[in-house]
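These notes are about the structure you will find just below.
A short reminder: the numbers here are calculations on the coordinates, not readings from a lab. Because the structure is predicted, anything quoted here is derived from the model rather than measured. When we count neighbours, we look across all protein chains shown, and the Cβ atoms used for this are built from the backbone with ideal geometry, even at glycine.
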Amino acid sequence: MLSAQRKDHLLGILLKDGRVVAKQVAVALGVSEDSIRRDLRELADAGALVRVYGGALPIPLADRPVDQRASLATESKQRVAQLAATQITPGATIVLDAGTTTLAMTRILPHGPDLTVITPSPAVALAVAEHSEARIVMIGGELSRFSMVAGGPLAMEAVQQLAADLFFLGVTGIDPVHGLTTGDLGDAATKRAIAARCTQTLVLGSEEKIGATSRYPVLDLERVAGIIVDPLVTDPVLDELATRVPVLL
C-alpha cells in the first residue's frame, strides 16, 4: 500500500473510531510501526490530525480560527463565564486569557475601578472597557492572526513584570491523560508564563473542550487550582478529571 493510500486509510479510521492506534494499524496493514508514525507525522504537519503518544486524535473543534469559534458552544461558554465571574473577589487583579469564554465574562465582571484586568487580547481589553470601569493592562507583543492574541518575545518580557491574583486560562483541550493543551506553540508558552506570575489559575472548560486534545501542552492538571465546567455537561471524562483536579460546577 502506498503512503497516500495509508494516509487515506488512517483518516478513515480517525473518522470512524475517533482515534488511531499506530501499533494496531501497522499490524492490520502488515507494515512497520515507523511507517505509520511517519504517515501520522506528515498528516499532523498538514493540519489533518493531532499526534499523541501511540497514535493520533482528531483536531478539536476549539482549535478553529477565532472567527469560527465565536459561534461554537455559545450557551455552554456563557454558563462557564457566569460561574467564573463568581470567583472574582473585590479589588482583585485578574488575567483574562484570549477566547470567546473570556469575552463572555467581560459582560458580567464586577463593576467598579478597584478591579484590575490584565489581558493579551485586544478584543477582551476593548470589551472590558465597554462593560466595566476596571483598570485595564494589556500584554503587548506580536498579534497572532489565527488567535488574535499578543505573543512572542515582547509579550514574554512584559509578562515577567506582572503579578496577579487569578488567571482565567483558556485552552482548546482538557483531557485527564494529556492534560491542558492548545493548538499554537507560542500561545502555549505565553500561557505558561502568565500562570507562573499568578497566585492561582482556573481553567475555563466549555463543553467542546472536555476530553479534547490539541497538539501542544500548556500545563499539567496538577498545576491549576481547578477547572470551571458547564454544569449541564455530563461527560464521563469529568469523573476522570475530578480524580486529578478540582472540577467546579
Check your understanding: For Arg37, Arg215, Arg107, what's the fewest-to-most ordering of other Cβ within 10 Å of each Cβ?
Key -> Arg107, Arg37, Arg215
Check your understanding: Taking other Cβ within 10 Å of each residue's Cβ, how do Val247, Val20, Val27 sort, fewest first?
Key -> Val27, Val247, Val20
Check your understanding: Rounded to the nearest 5, what is the percent of antiparallel bridges among the DSSP beta bridges in the chain?
Key -> 35
Point to revise | Coil-residue GluC sites (Glu not before Pro) of the range 72-170, DSSP, other Cβ within 10 Å capped at 14 | key: Glu133
Exercise for review: With a point put 7 Å past each Cα toward its Cβ, work out how far Glu222 is from Ala28 in nm, to one decimal.
Suggested key: 3.5
Exercise for review: Give a quick list of chymotrypsin sites (Phe, Trp or Tyr not before Pro) in the range 112-219 that DSSP marks as loop, anything other than H, G, I, E or B, with at most 14 other Cβ atoms within 10 Å.
Suggested key: Phe146
Review point. Any idea what the relative contact order of the chain is, in percent, if you count C-alpha pairs under 8 Å spaced at least 6 apart?
Key: 16
Review point. Of all DSSP beta bridges in the range 141-249, what percent run antiparallel (nearest 5)?
Key: 40
**Study point:** Mean residue ellipticity (222 nm) of the chain, computed from DSSP H runs ≥ 4 via -39,500 (n - 2.57), nearest 500
**Key:** -11000 deg cm²/dmol
